[in-house]
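Contents: one structure, followed by commentary.
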Amino acid sequence: MSSAKTAMPPPPPQNNMTTERQVLVDRLSRLDTALLCDADKTLHHNHTHHNNTADSNSSYHGLRLMTGLKPLNHACDPFVMVGFAHTVQFTTPNDFLPVLRGLAEAQRGQVLVVNTLDSTRAVAGGLFGQEALQKGLGGIVVDGPMRDVASLANPPDSSTTNNNNMIRVFAKSVTPYSGTIQSPGETQCSVQCGGVTVHQNDIVVGDADGIVVGSIHTFAQLVQVAEDIQKVETALVKGMENGTSLPSMTNLEQHLKLRLSGKESNLSFLLDPLPKK
């Protein structure tokens with residue numbers, strides 16, 4: 001269960017985005033990855049049990065969860081990184097020209113997603129972070145090493161910054177030794193990052209718990225479910241603050257009894273507003 005969070009300011013508007021897509025991004029910016037994963041689990045369960053796969057419009061393809069990447073400068077920050085992916089593919093390991101190319105091409109609000117071909121030298125750092133901040137990018141996700149952690153965590157003041165004056169950065173590792181800058185690589189192609197495939201214009205959402213990726217259609221399907229779960233958790237927290245125990249706000253006693261007897265059951269919250277399907 002994720003704790004209830006204060007809504008953060010929405011990310012900067014993204015260029016060439018329809019109003020509908022911008023509204024979706026704004027809604028996602030107020031939901032952490034734990035809520036999105038809980039909604040994903042709920043939708044997978046519903047579609048599995050109700051066999052909706054025959055209808056391509058109602059089928060649910062789910063989120064992709066990145067692994068092996070960690071936040072470099074916002075481990076305890078409640079801010080949620082969200083934006084459409086601008087992908088970068090290395091063609092030569094340890095050569096960071098593709099990252100600079102991606103930074104030049106990416107539009108405001110986009111998240112740079114980089115496959116480094118298992119590079120062992122830093123392919124981005126403080127200067128690239130500051131450039132991304134100045135452009136108003138949504139974040140940087142690098143499946144490889146970065147450097148300049150201190151400057152990424154404490155960027156210089158600027159009059160053209162995005163939320164909270166910090167670009168959210170995720171990377172596989174840290175090293176002070178940088179690579180070369182000769183191979184242009186490729187951009188806006190499908191890439192592998194954090195163990196999953198990321199397509200250009202997929203939505204990328206990340207926070208201190210991790211990073212999830214999905215299509216616009218996937219996030220449009222799960223956003224309302226995640227918001228409903230957020231309401232439940234807010235009510236649970238309020239109840240506990242008022243002295244009500246968490247178990248008493250669930251069907252825990254009945255659930256345990258049924259499971260101990262080998263019968264099917266699901267744990268549920270007694271104030272759960274989610275629609276029953």
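ILE211 passes all but one of (1) assigned to a helix (DSSP H, G or I); (2) within 14 Å of the chain's Cα centre (by Cα); (3) of a type outside the set (Ser, Thr, Tyr); which number fails?
Exception for ILE211: condition (1).
Filter the stretch 181-195 for residues that are open to solvent by 20 Å² or more (accessible area, probe 1.4 Å) and of a type in the set (Val, Ile, Thr); which is farthest from GLY214 (Cα to Cα)?
This residue is ILE181.
Of these, LEU103, LEU117, LEU133, LEU72, which one is of a type outside the set (Gly, Ala, Ser) and in contact (Cβ under 8 Å) with a residue 60 or more places away in the chain?
Of the residues listed, the single one that is of a type outside the set (Gly, Ala, Ser) and in contact (Cβ under 8 Å) with a residue 60 or more places away in the chain is LEU72.
Would you check if there is a residue in the stretch 182-191 being more than 21 Å from the chain's Cα centre (by Cα) and in a strand (DSSP E or B)? If you could, list the steps in order and put the result at the bottom.
Going through the stretch 182-191, the residues more than 21 Å from the chain's Cα centre (by Cα) turn out to be 182-186.
After this cut, where a residue has to be in a strand (DSSP E or B) as well, the list is 186.
Yes, the stretch 182-191 contains a residue that is more than 21 Å from the chain's Cα centre (by Cα) and in a strand (DSSP E or B).
I'd like the full set of residues that are part of a loop (DSSP other than H, G, I, E, B) and either at positive phi or not polar (S, T, N, Q) (or both), limited to the stretch 103-141.
Hits for the stretch 103-141 are ALA106, ARG108, GLY109, LEU117, ASP118, ARG121, VAL123, ALA124, GLY125, GLY136, LEU137, GLY138.
Exactly one condition in (1) closer than 28 Å to THR18 by Cα; (2) surrounded by 15 or more Cβ atoms within 10 Å (Cβ to Cβ); (3) more than 20 Å from the chain's Cα centre (by Cα); (4) modelled with pLDDT under 95 is not met by TYR60; state its number.
(3)
Could you tell me whether the stretch 144-156 includes any residue that is surrounded by 19 or more Cβ atoms within 10 Å (Cβ to Cβ), in contact with a helix residue (DSSP H, G or I) (Cβ under 6 Å, 6 or more places away or on another chain) and over 28 Å from LEU28 (Cβ atoms)?
yes
For the stretch 70-91, name all the residues that are surrounded by 20 or more Cβ atoms within 10 Å (Cβ to Cβ), part of a loop (DSSP other than H, G, I, E, B) and either charged (D, E, K, R) or under 14 Å from the mean Cα position of the chain (by Cα) (or both).
Scanning the stretch 70-91 gives HIS74, PHE79, VAL80.
Residues are listed down the side, and each one gets a yes or a no for (1) in contact with a helix residue (DSSP H, G or I) (Cβ under 8 Å, 6 or more places away or on another chain); (2) more than 19 Å from TYR60 (Cβ to Cβ); (3) touching a residue at least 12 places away in the same chain (Cβ under 8 Å); (4) open to solvent by less than 40 Å² (accessible area, probe 1.4 Å):
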position	(1), (2), (3), (4)
THR197	no, no, yes, no
ASP209	yes, yes, yes, no
THR234	no, yes, yes, no
VAL237	no, yes, yes, no
LYS263	no, yes, no, no
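Being farther than 20 Å from GLY139 by Cβ and out of contact with any helix residue (DSSP H, G or I) (no Cβ under 9 Å at 6 or more places or on another chain) is the requirement here; does GLU186 meet it?
no
Please verify whether the stretch 139-150 includes one or more residues that are touching a residue at least 40 places away in the same chain (Cβ under 8 Å) and closer than 19 Å to PRO78 by Cβ.
For the stretch 139-150, residues touching a residue at least 40 places away in the same chain (Cβ under 8 Å) and closer than 19 Å to PRO78 by Cβ: present.
Only one of (1) assigned to a helix (DSSP H, G or I); (2) under 26 Å from HIS74 (Cβ atoms) is not met by GLN221, so which one is it?
(2)
Restricting attention to the stretch 201-219, which residues are of a type outside the set (Gly, Ala, Ser) and closer than 19 Å to GLY144 by Cα?
Across the stretch 201-219, the qualifying residues are VAL204, VAL205, ASP207, ASP209, ILE211, VAL212, VAL213.
The values are calculated or read from the model by the stated rules, or taken from the named source; none is laboratory data. Everything numeric in this text was worked out from a predicted model, so none of it was measured. Ideal geometry is used to build each Cβ from the backbone, glycine not excepted, and the neighbour counts take in all protein chains shown. These accessible areas exclude ligands, DNA and RNA; they are computed on the full protein's heavy atoms, side chains included. Shrake-Rupley method; radii C 1.70, N 1.55, O 1.52, S 1.80 Å.
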